[in-house]
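The values are calculated or read from the model by the stated rules, or taken from the named source; none is laboratory data. All values derive from a computational prediction rather than experimental measurement. As a convention, Cβ positions derive from the backbone with ideal geometry for all residues, glycine included, and neighbour counts pool all protein chains shown. Accessible surface is based on the protein model in full, side chains and every heavy atom, while ligands, DNA and RNA are left aside. Shrake-Rupley method; radii C 1.70, N 1.55, O 1.52, S 1.80 Å.
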Amino acid sequence: MSEPIDALAKLVGTGDVVVLSGAGLSTESGIPDYRGPSGVARRHTPMTYQTFTGDPDARRRYWARSHLGWRTIARAAPNAGHRAVADLERAGLLTGIVTQNVDGLHQAGGARSVVELHGNLDRVVCLGCGAAGPREELDRRLRAANPGFAGQALAVNPDGDVELGDDDVARFRTVDCAGCAGGMLKPDVVFFGETVPPGRVRDCFELVEKARLLLVLGSSLTVMSGRRFVIRADKLGIPVAIVNQGPTRSDGCARLAVDAPLGAVLPELVRRVAATACLPGR
């Protein structure tokens with residue numbers, strides 16, 4: 001493992017790096033992913049935007065499960081991988097972080113220049129009036145609307161909901177927007193079947209196009225939402241390095257691919273970069 005990390009340190013050590021992170025970076029914080037080692041037990045498909053907005057029963061099922069699952073996400077702490085990314089940013093080696101994750105753990109780990117491609121579960125938005133607010137406020141309202149609700153979570157899923165029995169779902173009450181009559185509330189995340197805001201995508205492309213290296217962390221790159229940035233980098237001749245547990249869909253175009261736990265690789269990467277490179281600002 002020493003040789004690949006040395007090679008990665010040489011690539012990262014000259015700076016102008018953009019990070020693209022995925023769910024695999026957060027698995028060591030207790031949040032499962034969809035396709036990696038912790039994601040194999042998932043038993044239902046993710047909620048789609050069309051189902052959420054068009055089916056009241058599905059919407060109640062989502063909020064009942066998410067009401068319990070969000071607490072797991074909210075309690076999660078950044079791991080050594082998140083802190084290592086923040087260390088690289090503080091050293092002046094990163095020009096930006098694009099994350100596909102919705103858990104906020106990059107920021108909790110100390111990172112600052114983070115573009116949340118798919119949003120953040122800590123925020124809620126009204127599809128009627130467009131008002132946004134903190135998830136904590138919605139959590140208080142849902143607790144008040146469901147006194148004594150303590151469904152048994154059978155499994156936690158990557159998008160912040162849980163497996164929950166039908167009886168628990170049936171007795172759960174949802175709430176609408178407090179600022180407009182009957183406004184439908186939705187977590188401020190991009191569901192499957194929903195489009196990432198164009199301006200956000202444009203900002204991410206601009207970061208990638210100005211980078212000297214695109215560093216992919218913890219993503220299988222199966223979904224085009226993240227893989228498009230690797231495709232753009234490859235087209236422009238910008239080197240791509242990947243650290244992930246298991247193969248990715250873009251291994252073939254990577255200058256370097258390291259198959260290993262990120263919580264072990266990234267802190268070691270920081271140590272080797274610090275030992276071998278003249279870090280900006282130091």
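Can you tell me which residues in the range 156-181 are open to solvent by 20 Å² or more (accessible area, probe 1.4 Å), more than 26 Å from the chain's Cα centre (by Cα) and either at pLDDT below 90 or over 18 Å from Asp122 (Cα atoms) (or both)?
Answer for the range 156-181, where residues must be open to solvent by 20 Å² or more (accessible area, probe 1.4 Å), more than 26 Å from the chain's Cα centre (by Cα) and either at pLDDT below 90 or over 18 Å from Asp122 (Cα atoms) (or both): Gly165, Asp166, Asp167, Asp168, Ala170, Arg171, Arg173, Gly179, Cys180, Ala181.
Can you tell me which residue among Ala77, Ala111 is open to solvent by less than 10 Å² (accessible area, probe 1.4 Å), among the hydrophobic types (A, V, I, L, M, F, W, C) and at pLDDT 95 or above?
Numbers: Ala77 fails: open to solvent by less than 10 Å² (accessible area, probe 1.4 Å).
Checking each option against the conditions leaves just Ala111.
Restricting attention to the range 231-262, which residues are part of a helix (DSSP H, G or I) and farther than 16 Å from Ala23 by Cβ?
Pass one, the range 231-262, residues part of a helix (DSSP H, G or I): 231-235, 251-253, 262.
Listed by number, the residues that qualify are Ile231, Arg232, Ala233, Asp234, Lys235, Asp251, Gly252, Cys253.
Can you pull out the residues in the range 264-277 that are touching a helix residue (DSSP H, G or I) at 6+ places or on another chain (Cβ under 7 Å) and either part of a loop (DSSP other than H, G, I, E, B) or at pLDDT 95 or above (or both)?
Residues of the range 264-277 touching a helix residue (DSSP H, G or I) at 6+ places or on another chain (Cβ under 7 Å): 265-270, 272-273, 276.
Once the filter is applied, which keeps residues that are touching a helix residue (DSSP H, G or I) at 6+ places or on another chain (Cβ under 7 Å) and either part of a loop (DSSP other than H, G, I, E, B) or at pLDDT 95 or above (or both), the range 264-277 yields Val265, Leu266, Pro267, Glu268, Leu269, Val270, Arg272, Val273.
Being closer than 19 Å to Val223 by Cβ, in contact with a helix residue (DSSP H, G or I) (Cβ under 7 Å, 6 or more places away or on another chain), charged (D, E, K, R) and surrounded by 20 or more Cβ atoms within 10 Å (Cβ to Cβ) is the requirement here; does Asp103 meet it?
Numbers: closer than 19 Å to Val223 by Cβ: yes; in contact with a helix residue (DSSP H, G or I) (Cβ under 7 Å, 6 or more places away or on another chain): yes; charged (D, E, K, R): yes; surrounded by 20 or more Cβ atoms within 10 Å (Cβ to Cβ): yes.
So Asp103 passes the test.
Among the residues of the range 78-110, what is the count of those that are small (Gly, Ala, Ser) and out of contact with any Leu (no Cβ under 8 Å at 6 or more places or on another chain)? So that I can check it myself, show each step before the final result.
Of the residues in the range 78-110, the ones small (Gly, Ala, Ser) are 80-81, 84, 86, 91-92, 96, 104, 108-110.
With the extra rule that they be out of contact with any Leu (no Cβ under 8 Å at 6 or more places or on another chain), the set shrinks to 86, 108-110.
Count: 4.
Could you run through the range 12-34 and say how many residues are at pLDDT below 85 and farther than 14 Å from Asn101 by Cβ?
So the first thing to find is which residues in the range 12-34 are at pLDDT below 85, and the list is 32-34.
Subset that is farther than 14 Å from Asn101 by Cβ: none.
Residues flagged as at pLDDT below 85 and farther than 14 Å from Asn101 by Cβ within the range 12-34 amount to 0.
Return the residues of the range 182-225 that are open to solvent by 70 Å² or more (accessible area, probe 1.4 Å) and free of Cβ contacts under 8 Å to residues at least 12 places away in the same chain; say none if nothing qualifies.
Restricting attention to the range 182-225, the residues satisfying the condition of being open to solvent by 70 Å² or more (accessible area, probe 1.4 Å) are 192, 195, 198, 202-203, 206, 209-210, 212, 224.
Passing the criteria: Thr195, Pro198, Arg202, Glu206, Met224.
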